[in-house]
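Please read the structure below before turning to the comments.
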Amino acid sequence: MKNIEVPALARVEGEGGLFIGLKNGKAVEIRLDIYEPPRFFEGFLRNRFLQEVPDITARICGICPVAYQMSSAFALENALGIKVGHQARALRRLMYCGEYIESHALHIYMLQAPDLLGKQSAFEVAAIAPDVVKNALRLKKIGNQILKAIGGRSIHPVNVCVGGFYSWPQAASLTALLPELEWGLQASIDCVKWAVTLPFPELEIDYEFVALHHPDEYGVIEGEVWSSKGRKLSVQDYETAYIEEHIEHSNALHGRTVDGNTYLVGPLARLNLNHAQLLPIAQKSLKDSKIKLPLRNPYKSLIARAIELVQFFEEAIQLVKAYKPDGPAHLELKLKAGNGAAATEAPRGLLYHRYQIDGNGLIEFAKITPPTAQNLPRIEADLFALAPKIVSMSHADATLTAEHLVRAYDPCISCATHFLKLKVEEIEK
Amino acid sequence: MKIAVIGIGQSLRGDDAAGLETVRRWQEEYPETAARPEVQIEASELPGLALLDLLEDVDAAVLVDAVQSLKKPGRLHQLGPNELSAFAPDSQSAHGWGVAETLQLGRRLNPALDEIPIRIIGIEAEQILMGSGLSQAVNEAIPSACRAVEQEVNRFLSNANFKELGIKE
């Protein structure tokens, strides 16, 4: 069998190449190549005023701008020693609901479902099941509408600032979303039922799962960094356990634990570590699905995403109903030199930011660790685990199976490198 | 009647910002047209599939985006949506959902979208490097791109039968 090479991965955000080198029927080399100047944004932020940062970091990714701007806002608030009030925090969670709904609907139906249904793309799915794709677009649009109602713009929201929001959104524009949110909740419950029927490839991996954990809510914006190996750290100590290293073939840094292990962030990690914090309807969906946790099959992250869709529709409805803006939308900033870190859960996994600011509020140092960079070594390791299964397949099937695995991770290559390229190739015998 | 003028691109990726910059400068240079109540202006970085939401309830649309087709940087392309896929095979690229791909999907799911005349003004990009600003060739092409936007919007505004325009060209 020939090497597998996919010069540009379709249905992956950003640009990536995958190369799998095969020799005597065994995978001897696997490279996930990244072709983007990796740490551009960290340099770009230096000497900028801190209030510019959320607007700039929102531009790192077109799919998860909220997570990027919010991680930076929380980190800078920590540097200043301030904490936003209850309603601003709730509104920020509502923005994450919008982002998760949009991102997960896109990934489940448009990016990964074609692989599971044996279709080349969402176009082919649209041809056989137009209603499925129409529902997917409707779900995605609801997420977008939440972001637009709060953020002022649907892509790269502009209303978030260090200290809260520039202005409170109109309550009426949020409550107007309720009928669609109720529809979306039912559609996502149905999505879980449908997801468990899909023909997922068999692959069980003994991952170290890492996610943000909060005792009182499904971990998204604050809490501790938990690992399935028992490590529990405050976000401030994140860098003592999780490090990034340069890999020769990749522009992106690769994440490792200090013990040199790979680890997994994202929907599987969140569901496995935080399922007890799911809201009641999401909890019921999980129970009815009869899936056994921990889920260790990377392809089945689609099921975790579907359960999270239920969670975030359910939570969005609660947050919209409870919305009561009161007082100023943002805190007054008193500038001082400081160092602050924050982690939030982007749809693709834990996203860590740390900033050092001077007494005038200018950025002296920025560190951004995106979820895909943390998952890259894990994706490569999974491909090694998958290799024995694919060597007996036809070249086309092997390529598709490997590509599907990478797509199942929903790698946002634009944020990892913040761009990636996937390629699979074969070395001569 | 509602005419959408949509600038598409990433503001921190060199010439990819050409679409956003064109729409911004067109608003400055042709304020009377831009202020018309029928005209709805959007600047959208990486809209992906959300482009379909932006096209909802509009009667005509002008999309302005950077393109790469191995032509001379700064060259203008004025196209209907049917011509787009000929030089932008987005489905095989990794840029998520490009304009061509999104319009194809939208039209497959919603035949009514076929009835909406859409004109695309593409500006040939030279480089799309992070944070590098517009290249000289693209910057020099922005005034003619603005004129093209103005021309297309006026054509839609002035032609009572504007639904006949656009996609068949």
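The values are calculated or read from the model by the stated rules, or taken from the named source; none is laboratory data. Bear in mind the structure is a predicted one, so any value in this text is a computation, not a measurement. Neighbour counts run over all protein chains shown; Cβ positions are idealised from the backbone, glycine included. Each accessible area value is taken on the protein alone, full model and side chains, heavy atoms only, with ligands, DNA and RNA left out. Shrake-Rupley method; radii C 1.70, N 1.55, O 1.52, S 1.80 Å.
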Could you please let me know if A:Glu315 is touching a residue at least 12 places away in the same chain (Cβ under 8 Å), open to solvent by 10 Å² or more (accessible area, probe 1.4 Å) and not small (Gly, Ala, Ser)?
yes
Criterion first (part of a loop (DSSP other than H, G, I, E, B) and among the polar types (S, T, N, Q)) does A:Asn360 satisfy it?
yes
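Conditions (1) within 27 Å of A:Ile303 (Cα to Cα); (2) surrounded by 22 or more Cβ atoms within 10 Å (Cβ to Cβ); (3) touching a Leu at 6+ places or on another chain (Cβ under 8 Å); (4) touching a residue at least 40 places away in the same chain (Cβ under 8 Å), marked per residue:
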| site | (1), (2), (3), (4) |
| --- | --- |
| A:Met95 | yes, yes, yes, yes |
| A:Ile108 | yes, yes, yes, yes |
| A:Leu116 | yes, no, yes, yes |
| A:Ala127 | yes, no, no, no |
| A:Leu147 | yes, yes, no, yes |
| A:Phe165 | no, yes, yes, yes |
Taking only the stretch A:400-429 into account, find how many residues are modelled with pLDDT of 80 or more and either on the phi < 0 side of the Ramachandran plot or of a type outside the set (Asp, Glu) (or both).
10
Return a yes/no flag: does the stretch B:21-28 have any residue that is under 26 Å from B:Leu109 (Cβ atoms) and not charged (D, E, K, R).
no
When A:Leu111 is evaluated against the numbered criteria (1) within 14 Å of chain B (Cβ to nearest Cβ); (2) in contact with a Cys (Cβ under 8 Å, 6 or more places away or on another chain); (3) not small (Gly, Ala, Ser), which criterion, by number, is the only one it fails?
(2)
Odd one out for A:Val220 among (1) open to solvent by less than 50 Å² (accessible area, probe 1.4 Å); (2) modelled with pLDDT under 95
(2)
Given (1) part of a loop (DSSP other than H, G, I, E, B); (2) under 20 Å from A:Glu204 (Cβ atoms), identify the lone condition not met by A:Ala398.
(1)
Taking the conditions exactly as written (modelled with pLDDT of 90 or more and assigned to a loop (DSSP other than H, G, I, E, B)), does A:Trp183 satisfy them or not?
no
For the stretch B:55-65, what are the residues that are under 26 Å from B:Leu12 (Cα atoms) and open to solvent by less than 20 Å² (accessible area, probe 1.4 Å)?
B:Leu55, B:Ala61, B:Val62, B:Leu63, B:Val64
Can you tell me which of (1) assigned to a helix (DSSP H, G or I); (2) at the interface with chain B (Cβ under 10 Å from one of its Cβ atoms) is the one A:Gln120 doesn't meet?
(1)
For the stretch B:25-52, what are the residues that are crowded, with 18+ Cβ neighbours inside 10 Å and either within 12 Å of another protein chain (Cβ to nearest Cβ) or touching a Pro at 6+ places or on another chain (Cβ under 8 Å) (or both)?
B:Glu42, B:Ala43, B:Ser44, B:Glu45, B:Leu46, B:Pro47, B:Gly48, B:Leu49, B:Ala50, B:Leu51, B:Leu52
Tally of residues being farther than 14 Å from A:Asp382 by Cα and modelled with pLDDT under 80 across the stretch A:27-48:
8
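Would you confirm whether or not the stretch A:325-336 contains a residue that is touching a residue at least 60 places away in the same chain (Cβ under 8 Å) and either under 25 Å from A:Ser227 (Cα atoms) or open to solvent by less than 10 Å² (accessible area, probe 1.4 Å) (or both)? Give the steps one after another, and end with the answer.
The initial filter retains those residues of the stretch A:325-336 that are touching a residue at least 60 places away in the same chain (Cβ under 8 Å), namely A:325-336.
Restricting the remaining residues to those that are either under 25 Å from A:Ser227 (Cα atoms) or open to solvent by less than 10 Å² (accessible area, probe 1.4 Å) (or both) gives none.
Checking the stretch A:325-336: not a single residue is touching a residue at least 60 places away in the same chain (Cβ under 8 Å) and either under 25 Å from A:Ser227 (Cα atoms) or open to solvent by less than 10 Å² (accessible area, probe 1.4 Å) (or both).
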Regarding A:Tyr96, is this residue away from every other protein chain (no Cβ under 13 Å), of a type in the set (Phe, Trp, Tyr) and either under 24 Å from A:Pro411 (Cβ atoms) or in contact with a Ser or Thr (Cβ under 8 Å, 6 or more places away or on another chain) (or both)?
yes
Just to confirm my filter: which helices (runs of 4 or more DSSP H) fall fully inside the stretch A:251-325 and include at least 3 residues that are farther than 24 Å from A:Glu182 by Cβ and not acidic (Asp, Glu)?
A:267-274
Looking at the stretch B:8-17, can you tell me whether even one residue there is within 14 Å of chain A (Cβ to nearest Cβ), farther than 17 Å from B:Ser135 by Cβ and buried (at least 16 other Cβ atoms within 10 Å of the Cβ)?
yes
Taking the criterion of being assigned to a strand (DSSP E or B) and not β-branched (Val, Ile, Thr), would at least one residue in the stretch A:145-156 satisfy it?
no
Residues satisfying the stated conditions in the stretch A:287-301, i.e. open to solvent by less than 70 Å² (accessible area, probe 1.4 Å) and in contact (Cβ under 8 Å) with a residue 60 or more places away in the chain:
A:Ser289, A:Ile291, A:Pro294, A:Asn297, A:Pro298, A:Tyr299, A:Lys300, A:Ser301
Hits in the stretch B:97-119 (condition: over 17 Å from the mean Cα position of the chain (by Cα) and open to solvent by 60 Å² or more (accessible area, probe 1.4 Å)):
B:Arg108, B:Asn110, B:Pro111, B:Glu115
Check every one of the helices (runs of 4 or more DSSP H) wholly within the stretch A:18-91 and list those with 2 or more residues that are buried (at least 24 other Cβ atoms within 10 Å of the Cβ) and within 14 Å of chain B (Cβ to nearest Cβ).
A:53-57, A:65-80
